[in-house]
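Here the structure comes first, spelled out in structure tokens, and everything after it is commentary.
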Amino acid sequence: MMSPSLMLHRSLLAFMAGALLALASTPAPAQPSGARGGNFLYRAMPGDTLIELAQRFTDNPANWSTLQSLNSVQDPTRLSIGRELKIPFSLIPELPSQAQVSHIAGEVDADGESTGIKAVLAEGDSLRTGPDGFVTLVLADRSVISVPAGSSLRIERLRVFKGTGLIDAIFDIRDGSLESSVAPQDTGVGRFEIRTPVSITGVRGTRLRVRASADGSQSEVLSGSAQLSAGPDGEAVVRQDQGAAVDAQGKLLGVRALLPAPRLAPAVRGGQGWTLSFAPVPGAASYLVRVAANQAGTELLSSRQFDSPEISFSAPGPGTYYAVVRAIDSDGVMGKDAVQPFLGQSLLKTSDGSGIHSGYGQFVLLTDY
């Protein structure tokens, strides 16, 4: 008869063996490093082989020979750890994905129809914000897309790579701007591109801003990096805290460091809202101030541009809001953000602190002098 201690020892060994077997049979997590052209980029992990990667990403192990040729791999069963491999997007099965409206202010149309919170957009849909319209979208990988006022864009592509959870998205901006926080939870990026009439910006997991107008386009990277293509000869990598402009003819005007964030003094409250003066930012031609409902600046409510470092802003109601201020250079490239919280409009309150409503269901606001 087996002793209790021996039985316990064997049970533990069996448990550990099962656990190790389960770990060994668990597919290695995807290690994407972004995208380039028509290829998904993957960094090899311990144990990876081209046959296994072909099965995982393309559903067809026979595609290993295509991967071997494309990546000039000598031994398909032995891959250097960390080596960057190209996997054609055309070989990776995809499923449709969606974007959900998480914030909206003012006039926003989707395919010509008014839209609202929790509305769902898909590949092929168009979005337009009016002069006072702002909208925020959330993608399946938690990427956040903020579209300021006066913008027009189309979702050219919105899919997810099967088995990876990675997004394949292309946004086409005809006019206005788009600000994005791509894969903020560091889950990796399959492909994320922002296209304008004169440029294409491909993202590798980053915070990115892109604008388009009749004068050209501007791109700014706040974290991560992006690949910028402009015309037949304009190729550049835009890294963290850098920006680039492209003129109306598609000529790349050069990559440059972003202008520093303005050093904001305490704002002064008056009858029409808040005013703020600060020292000029060297190299700035103008300044932008936006009001947002959140500190990240993704839930936008208003936007104004000023020629000098003397700005004003206000809020649509009570509560805490955030003024987001940035300098703009002569090519339209915007600098880093300075963020300052401020209080919205004050309410007329009862003795117990509750706001008093008007006969139209709105709060009665106090005017500050």
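Some points to look at:
- The convex hull defined by the C-alpha atoms of the range 192-234 has an orientation-averaged projected area of 2.9 nm².
- Accessible surface for the range 40-163, divided over its residues, is 46 Å² per residue with a 1.4 Å probe.
- Dipole magnitude for the range 213-345: about 440 debye, using +1 per Lys or Arg Cβ and -1 per Asp or Glu Cβ, origin at the Cα centre.
- Treating each Cα of the range 39-169 as an identical point scatterer and summing with the Debye formula, the log10 of I(q)/I(0) at q = 0.10, 0.11 Å⁻¹ comes to -0.46, -0.52.
- Carbon/sulfur fraction of accessible area - the range 226-298, other protein chains in place, 1.4 Å, %: 52
- With a cut-off of 13 Å between beta carbons, the residues surrounding A323 carry a summed charge of +3, where Lys and Arg count +1 and Asp and Glu -1.
- Computed log₁₀ I(q)/I(0) - Debye formula, equal Cα scatterers, no solvent, the range 193-311, q 0.11, 0.19 Å⁻¹: -0.45, -1.10
- The range 109-153 and the range 209-238: distance between their alpha carbon centers, rounded to Å: 22
- Note on S308 and L95: the extension gain reaches 71.8 nm, defined as 0.36 nm multiplied by sequence separation minus the Cα-Cα distance.
- Inter-label distance, E113 to D215: 3.7 nm, where each label sits 7 Å from its Cα along the C-beta direction.
- Accessible surface, per residue, of the range 238-279 when the full set of protein chains is kept, probe 1.4 Å, Å²: 56
- The Cβ shell under 14 Å around G250 holds other residues with a net charge of -2, Lys and Arg each +1, Asp and Glu each -1.
- Summed over all non-identical Cα pairs, the Kirkwood treatment of the range 100-141 gives a radius of 10.3 Å.
- For I104, net neighbour charge (Lys/Arg +1, Asp/Glu -1) across residues whose Cβ lies under 14 Å away: -3
- Here each label is just a point 7 Å from Cα along the line to Cβ, and for A261 and A122 those points are 4.0 nm apart.
- Relative packing of peptides 147-154, 217-224 - highest average C-beta neighbours within 10 Å first: 217-224, 147-154
- Nonpolar atom fraction for the range 66-132, defined as the carbon and sulfur part of the 1.4 Å probe accessible area, stands at 48 percent.
The values are calculated or read from the model by the stated rules, or taken from the named source; none is laboratory data. All values reported here derive from a predicted model rather than from experimental measurement. With ideal geometry, Cβ positions are generated from the backbone for all residues, glycine too; neighbour counts draw on all protein chains shown. Just the protein is used for accessible areas: all its heavy atoms, side chains included, with ligands, DNA and RNA removed. Shrake-Rupley method; radii C 1.70, N 1.55, O 1.52, S 1.80 Å.
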